[in-house]
1. Test of understanding: among 75, 122, 95, 139, which residue is small (Gly, Ala, Ser) and under 23 Å from residue 45 (Cα atoms)?
2. May I ask you to list pairs of residues, at least six apart or on different chains, whose Cβ atoms are under 6 Å apart, with the first in segment 146-157 being surrounded by 15 or more Cβ atoms within 10 Å (Cβ to Cβ) and the second being assigned to a strand (DSSP E or B) and of a type in the set (A, V, I, L, M, F, W, C)?
3. If the Cβ limit is 7 Å and pairs must be 6+ apart or interchain, which residue in segment 55-84 that is among the charged types (D, E, K, R) pairs with which residue that is in a strand (DSSP E or B)?
4. In segment 60-72, which residue that is in a helix (DSSP H, G or I) and open to solvent by 40 Å² or more (accessible area, probe 1.4 Å) is farthest from residue 121 (Cα to Cα)?
5. Out of 55, 93, report the one residue that is surrounded by 19 or more Cβ atoms within 10 Å (Cβ to Cβ), touching a helix residue (DSSP H, G or I) at 6+ places or on another chain (Cβ under 8 Å) and within 17 Å of residue 121 (Cα to Cα).
6. Going through segment 122-136 one residue at a time, which ones are open to solvent by 50 Å² or more (accessible area, probe 1.4 Å) and either in a loop (DSSP other than H, G, I, E, B) or touching a Gly at 6+ places or on another chain (Cβ under 8 Å) (or both)?
7. I need a count of the residues in segment 36-46 that are open to solvent by less than 80 Å² (accessible area, probe 1.4 Å), under 19 Å from residue 144 (Cα atoms) and either modelled with pLDDT of 90 or more or out of contact with any Pro (no Cβ under 8 Å at 6 or more places or on another chain) (or both).
8. Consider residue 75 against the criteria (1) among the hydroxyl-bearing types (Ser, Thr, Tyr); (2) under 14 Å from residue 151 (Cα atoms); (3) surrounded by fewer than 17 Cβ atoms within 10 Å (Cβ to Cβ): it satisfies all of them except one. Which criterion is unmet?
Amino acid sequence: MKIKIKKAQEEMIGFALIIIVVAVILLVFVGFSLRDTEKEAIESYEVESFIQSFLQYTTDCRDNLRAFSVQKLISSCRNNNLCLDERDACQVLNSTLKEIMEESWKIGENNPIKGYELKIISDGKEMLKFKEGNITANSKGSVQYFPNIEIFFTSYY
């Protein structure tokens, strides 16, 4: 009679272990199926933050008191002003933004970002435009408004 009891206990323990293994496998499967498999290449807040960041970037164009931020340089370019060292504010703005764009948004086949476009419009006229890479159907964009100036940035992925 003792042999039958031990066999029954062993079978119950084996059955319990099988149930536990199956439950763990099901939990792992459910966890993977509920997880978002594809993350966006770029999030909306990244595009909005990028505009705010580059507007605060300090350039090498200055007046008598201090160096200009990109935001101040846009206004200087709009007013056809010169930097202290006699360089045209628009040329400095162009080269500074080109450098920022190339360093910030790496585009290409192996990168998630396929292209970008930056436009600065003043009084309804295009002041500056950078367009690089491919325009795709998927994009994230943001706009920043200032008096008489609009900044549009779109990233394509």
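The values are calculated or read from the model by the stated rules, or taken from the named source; none is laboratory data. Source: prediction; values computed, not measured. FYI the Cβ positions are ideal-geometry reconstructions off the backbone, even for glycines, and counts take in every protein chain you see. Just so you know, the surface numbers come from the protein's heavy atoms only, side chains and all, with ligands and any DNA or RNA stripped out. Shrake-Rupley method; radii C 1.70, N 1.55, O 1.52, S 1.80 Å.
1. 139
2. 150/121; 151/120; 152/143; 153/118
3. From residues that are among the charged types (D, E, K, R), the pairs are 60/67; 62/68; 78/122; 78/127; 78/149.
4. Taking the candidates together, the pick is 72.
5. Selected residue: 93, the only one of 55, 93 that is surrounded by 19 or more Cβ atoms within 10 Å (Cβ to Cβ), touching a helix residue (DSSP H, G or I) at 6+ places or on another chain (Cβ under 8 Å) and within 17 Å of residue 121 (Cα to Cα).
6. Those that are open to solvent by 50 Å² or more (accessible area, probe 1.4 Å) and either in a loop (DSSP other than H, G, I, E, B) or touching a Gly at 6+ places or on another chain (Cβ under 8 Å) (or both): 123, 124, 131, 132, 134, 135.
7. Of the residues in segment 36-46, 3 are open to solvent by less than 80 Å² (accessible area, probe 1.4 Å), under 19 Å from residue 144 (Cα atoms) and either modelled with pLDDT of 90 or more or out of contact with any Pro (no Cβ under 8 Å at 6 or more places or on another chain) (or both).
8. Single failed check for residue 75: (3).
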